[in-house]
Amino acid sequence: KALRVGITGGIGSGKSAVTERLQSRGIEVVDADIVAREVVEAGSSALEKIAQHFGKEVISADGNLDRAALRRIVFSDPDQRLWLERLTHPLIGESIAQQLATAASSYAVLSSPLLLESSQRDFVDHIVVVDVPESVQISRTKARDNNSEELVRAIMAAQMSRDSRLAAADTVIDNSGALAELDQQVTALHEKLLRLSAAR
Ligand code: ATP
């Protein structure tokens with residue numbers, strides 16, 4: 001079985017910038033955000049259960065989950081949030097584990113903003129943290145999403161602190177420099193992960 005590598009980092013740290021570069025080297029990447037959307041896609045049994053539980057107002061006209069409506073309900077009600085997580089988390093975990101186990105590349109990557117905050121960390125053998133100072137997280141996220149600094153700070157406050165993230169890392173990628181510097185680090189990371197997977 002392929003070495004499983006988890007990649008995480010705070011909002012705007014550059015997870016996608018790293019995984020895109022690994023994908024272009026033929027490495028299979030599972031994106032936890034995409035899996036989380038897939039398990040509740042239109043027509044899924046999970047979405048049907050959500051509609052039965054929360055009512056039709058969380059389903060939009062096109063049959064998809066109305067995420068904003070659902071978020072409004074669960075963020076003001078911890079019990080409802082727990083209900084939703086008990087439904088979706090096992091499905092997300094099952095899909096991630098299955099995709100990692102069947103990956104055909106020399107190693108497989110799980111990219112997840114909540115890797116360290118959830119049981120997703122048990123799915124991986126090696127943890128890579130993409131790290132930038134908070135000021136860089138803010139400026140890059142604002143530039144990308146056109147969000148206010150206030151919103152970016154609120155999201156950062158809900159995420160794990162930079163220090164605890166770094167403490168959990170097996171490998172740290174410092175993405176505070178230019179993209180050319182990131183390229184060099186990703187090349188070194190790829191070589192390291194190939195070595196680790198060959199040594200298994
Ligand atoms: P999120 O958790 O919000 O999805 P992320 O960790 O995947 O974010 P990216 O989307 O990869 O972060 O990067 C955030 C933004 O910063 C993007 O617009 C990206 O193009 C840009 N960026 C990433 N790395 C660098 C860099 N070294 N120099 C300049 N811009 C960068």
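Starting from the range 1-46, pick out the trypsin sites (Lys or Arg not before Pro) whose DSSP state is loop and whose Cβ has at most 16 other Cβ atoms within 10 Å.
LYS1, ARG25
Rounded, prolate or oblate: which fits the range 1-104, taking a ≥ b ≥ c as square roots of the Cα gyration tensor eigenvalues, rounded meaning a/c under 1.5, else prolate when a/b beats b/c? The shape class here is prolate. Each Lys or Arg adds one and each Asp or Glu takes one away; over the other residues whose Cβ falls under 13 Å from the Cβ of GLY63, this sums to -3.
What helices in the chain pass both tests, a Cα length along the helix axis of 30 Å or more and a mean Kyte hydropathy of -1.0 or higher, using whole DSSP H runs? Mind showing how you got there, number by number?
Values: long enough: 78-101 (33 Å, -0.32).
Span-like helices, by this rule, are 78-101.
Spatially, the range 159-186 and the range 112-132 are offset by 12 Å when compared through their Cα centroids.
Taking θ as phi - 60° and the Karplus parameters 6.51, -1.76 and 1.60, the scalar couplings of the range 31-38 work out to 9, 4, 5, 5, 4, 4, 6, 5 Hz in sequence order, x denoting glycine and proline. Each other residue within a Cβ distance under 10 Å of LEU182 adds +1 if Lys or Arg and -1 if Asp or Glu, for a net charge of -2.
Using Stokes-Einstein with the Kirkwood hydrodynamic radius over Cα pairs, what translational diffusion coefficient do you get for the chain at 20 °C and a viscosity of 1.002 mPa s, in µm²/s rounded to a whole number?
118 µm²/s
Remark: the range 34-104 carries a charge dipole of roughly 140 debye about the Cα centre, counting +1 on each Lys and Arg Cβ and -1 on each Asp and Glu Cβ. Under a Gaussian network description of the chain, with springs only between Cα atoms under 10 Å, the residue in LEU115, LEU91, LEU151 that fluctuates furthest is LEU151. In a simple Cβ point-charge model (Lys, Arg +1; Asp, Glu -1; nothing else charged), the chain has a dipole of about 240 debye relative to its Cα centre.
Between the listed residues SER45, VAL129, SER13, the Cα displaced farthest toward the positive end of the dipole of the chain, a dipole computed from Cβ unit charges relative to the Cα centre, is found at VAL129. The count of lysine pairs in the chain that are at least 8 places apart or cross chains, and whose C-alpha atoms lie under 25 Å apart, stands at 4. Close amide-amide hydrogen proximity is noted between VAL30 and VAL109, LEU110, SER111, each under 5 Å apart and 5 or more residues distant or on a separate chain (H modeled in the peptide plane; Pro and chain starts excluded). For the chain, a Gaussian network of Cα nodes joined below 10 Å ranks SER111, SER161, SER16 by mean-square fluctuation, and the top entry is SER161.
The numbers here are math on the coordinates, done by the rules we state, and not lab data. All figures in this text were calculated on a predicted structure; none of them were measured in a lab. Positions of Cβ are backbone-derived with ideal geometry, glycine not excepted, and every protein chain shown enters the neighbour counts.
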